[in-house]
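The structure under discussion appears below in the form of structure tokens.
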Amino acid sequence: MSSMEGQVADLRDMMKKMLEFQTQTAASEAKGPEAKSTKSEIRKTSQQDKALNKPVIWSCYICTYDNEQSFLSCEICGVLRDPSVASGKASDAKALAKPVFDATDEKNRTTKVKINDDISAALSEERQMDHSSALFAQAVQLHQTKGKNSKFNKDTLKTLTNDVDCLKIETNVIRKKEDSLDDSKPGEELLRGQEQGKQVQLNLAIVGHVDSGKSTLSGRLLHLLGRISNKEMHKYEKEAKEKGKGSFSYAWAMDESTVERERGVTMTVAVAYFDSKKYRVVLLDSPGHKDFVPNMISGATQADAAVLVVDASVGSFEAGMEGSGFGQTREHAQLIRSFGVEQLIVAINKMDLVAYKKERFDFIKTQLGSFLRSCGFKESYVTWIPLSAMANQNLVTTASDARLSSWYRGLCLLDVIDSLQPPLRDVSKPLRLPICDVTKLHTLGMVAVSGKLEAGVVQIGSKVLVMPSGEFASVRSIERDSSACSTVRAGDNVAVSLHGIDPIHLIPGGVLCHPDFPVAVAARLELKILVLDIKMPIIIGSPVEFHIHHVKEAARVVKIVSVVDQKTGKVSKGAPRVLKSKQNAIVEVELDGAVCVEEFTKCKALGRAFLRSAGNTIAVGIITRIFEQNA
């Protein structure tokens, strides 16, 4: 009798679940077309059975007691019956006790197979199907595939639960990746802030042969624009005369170190700022002496545009165009183009020494113009302007000397700068800040890094990844153009104070990255290079100095893959033994130490490289492939 009571209890629970499922099915009728079809077919089957059987009594399938048709449960054992149909035979009554999910014809079986297939597809493509519909169809499948007792199979329920958990986990992983990608991009407010900014920043490199007047031009321009006061200028003039170098007074505004002033040459890249009508200009005064070309590369790689200063005096221009390695006009022009600079202002300085003769200007333009075209500069992006920095002719206003104004009616230097096209910024890409310089603030227990922000944005409180050490740090404060600010964007020259990191992990040549998107660190690279004017050919095993952003590393050429046709870009010769001047080639280089790099297609600033040997630049190129360090 106890076993009978247990069976009755089980059947009662089963019937309750059946009735609850019927209620849920009615509420979720619009969730899936397969469920709708199944329910309608079941209803049709029930109506057909009802039409064929019209009993007066129904027999309990447990105790076989005959109950009146008006009873909804057995009078003896209390088992519920389906209120929609009744039967006078025990065998028919047992059939009624089967779950409503059992199919009664071949058509319904076909529908079940279709539902099973759809459920499998739903589990594998959760994004293409509503979760509630998939779970509803799975419940239908559970009832269809069980035995006649219609009890829920616990293992199947466990499997369904695991599938649901997997769906949740996969969804969370996908959302985490999407959130990570979104975190690497600045918000709309930052982008709007950039658009609403009063002035766009322009990084302007001043390059050219030694003693062409670069620092004098920069200092004079800053003085005329009010960035250097008359008091400061008077101090520089007095100090220069005391040293017997009165003509260097404006240059001393840029060359502040004692060694630079004693030698009379710029040794490092000096940085200054001024505002034009259109731009916030960052002036990068680069050294012109061949001994300091590595410093020039480190600083001028930050340039968006450049001013190539040429000495117009007889003999000086020709010296700058020498191809023996001493002519820095040629080398600087090649380097500045390889930095990605397309817009160039050719400032023919010291025109007062040649009496502002138009013939001299035209001669220089013809000679230098053909060379610039060979470097890849387009004529439409090159502007030629005659001027005199010492005589203040054609700098911020048009020339006042009749000898110059009689034949030159173009723009002055400042207006030419404003005519440059604004540079494009990679604001939406992950953070990339190559470290140019590191300053330790022992009194405050902080360390600051400076450089040009090449991609992304930085805010106070941001968490950054420092490569190649792999250490994390937090941004405590930010300075842009020597002024404190809370947010900086790609293209800004910044100084970022960090905390939470040992200063030993911060070195020039390192890179601040987004924590989820670290920069690659490698010691073997594939480069696509252009060989410059060289005396000795490049062969396998040739030792070179590898320069990239703010890093210089000893390296050697380990493989010459091919020579590439300059016009078509196709391989013209595979595995050549040597490389000669003016050839384009693909080579592999191995560095003595690993450096932070990226492929040129991902980040141009971290993908441009230069090869130097014996004090001369022998090749410029881009990184096309990065080999893993364990490869």
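Looking at (1) in contact with a helix residue (DSSP H, G or I) (Cβ under 7 Å, 6 or more places away or on another chain); (2) crowded, with 22+ Cβ neighbours inside 10 Å, can you tell me which one Arg360 breaks? With respect to (1) in contact with a helix residue (DSSP H, G or I) (Cβ under 7 Å, 6 or more places away or on another chain); (2) crowded, with 22+ Cβ neighbours inside 10 Å, Arg360 is out only on (2). In the stretch 252-275, is there at least one residue being part of a strand (DSSP E or B), in contact with a Ser or Thr (Cβ under 8 Å, 6 or more places away or on another chain) and open to solvent by less than 10 Å² (accessible area, probe 1.4 Å)? No, there is no match, as no residue in the stretch 252-275 is part of a strand (DSSP E or B), in contact with a Ser or Thr (Cβ under 8 Å, 6 or more places away or on another chain) and open to solvent by less than 10 Å² (accessible area, probe 1.4 Å).
Whether a residue is in contact with a Leu (Cβ under 7 Å, 6 or more places away or on another chain) and not in a loop (DSSP other than H, G, I, E, B) was assessed, and Leu404 does not pass this test.
With respect to the conditions (1) touching a residue at least 24 places away in the same chain (Cβ under 8 Å); (2) farther than 30 Å from Asp492 by Cβ, Ser572 lacks only one, and its number is (1).
Among the residues of the stretch 333-346, at least one is among the polar types (S, T, N, Q) and not in a helix (DSSP H, G or I). Can you confirm whether the stretch 547-560 contains a residue that is assigned to a strand (DSSP E or B), aliphatic (A, V, I, L, M) and over 22 Å from Glu628 (Cβ atoms)? There is no residue in the stretch 547-560 that is assigned to a strand (DSSP E or B), aliphatic (A, V, I, L, M) and over 22 Å from Glu628 (Cβ atoms).
Residue-wise test of (1) over 16 Å from Pro434 (Cα atoms); (2) buried (at least 23 other Cβ atoms within 10 Å of the Cβ); (3) out of contact with any Leu (no Cβ under 7 Å at 6 or more places or on another chain).
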residue: Val449; (1), (2), (3): no, yes, no
residue: Ala455; (1), (2), (3): no, yes, no
residue: Gln459; (1), (2), (3): yes, no, yes
residue: Gly470; (1), (2), (3): no, no, yes
residue: Val475; (1), (2), (3): no, no, no
residue: Ile478; (1), (2), (3): no, no, yes
residue: Ala484; (1), (2), (3): yes, no, yes
residue: Val488; (1), (2), (3): no, yes, no
residue: Ala495; (1), (2), (3): no, no, yes
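Being of a type in the set (A, V, I, L, M), open to solvent by 50 Å² or more (accessible area, probe 1.4 Å) and at pLDDT 85 or above: is that true of Leu308 here? No. Counting only helices (runs of 4 or more DSSP H) that fall entirely inside the stretch 151-251 and contain at least 1 residues that are at pLDDT 85 or above and open to solvent by less than 40 Å² (accessible area, probe 1.4 Å), the qualifying elements are 214-224, 230-242.
Residues that are more than 17 Å from Val544 (Cα to Cα), open to solvent by 40 Å² or more (accessible area, probe 1.4 Å), part of a loop (DSSP other than H, G, I, E, B) and acidic (Asp, Glu) do occur in the stretch 620-631.
Within the stretch 550-563, residues that are without any contact (Cβ under 8 Å) to a residue 24 or more places away in the chain reach partners that are small (Gly, Ala, Ser) and open to solvent by 10 Å² or more (accessible area, probe 1.4 Å) with beta carbons closer than 9 Å, at six or more positions or on different chains, in the pairs Val563/Ser572; Val563/Gly574.
Checked against (1) farther than 30 Å from Asn584 by Cα; (2) in a helix (DSSP H, G or I), Ser370 passes all but condition (1).
Report whether or not Lys567 is closer than 28 Å to Thr301 by Cβ, surrounded by 15 or more Cβ atoms within 10 Å (Cβ to Cβ) and either in contact with a helix residue (DSSP H, G or I) (Cβ under 7 Å, 6 or more places away or on another chain) or free of Cβ contacts under 8 Å to residues at least 24 places away in the same chain (or both). Taking the combined requirement at face value, the residue does not satisfy it.
The values are calculated or read from the model by the stated rules, or taken from the named source; none is laboratory data. Not measured: the values here are computed from a predicted model. Cβ atoms come from the backbone with ideal geometry, glycine included; neighbour counts cover every protein chain shown. We work out accessible area using only protein heavy atoms, side chains counted, and drop any ligands, DNA or RNA first. Shrake-Rupley method; radii C 1.70, N 1.55, O 1.52, S 1.80 Å.
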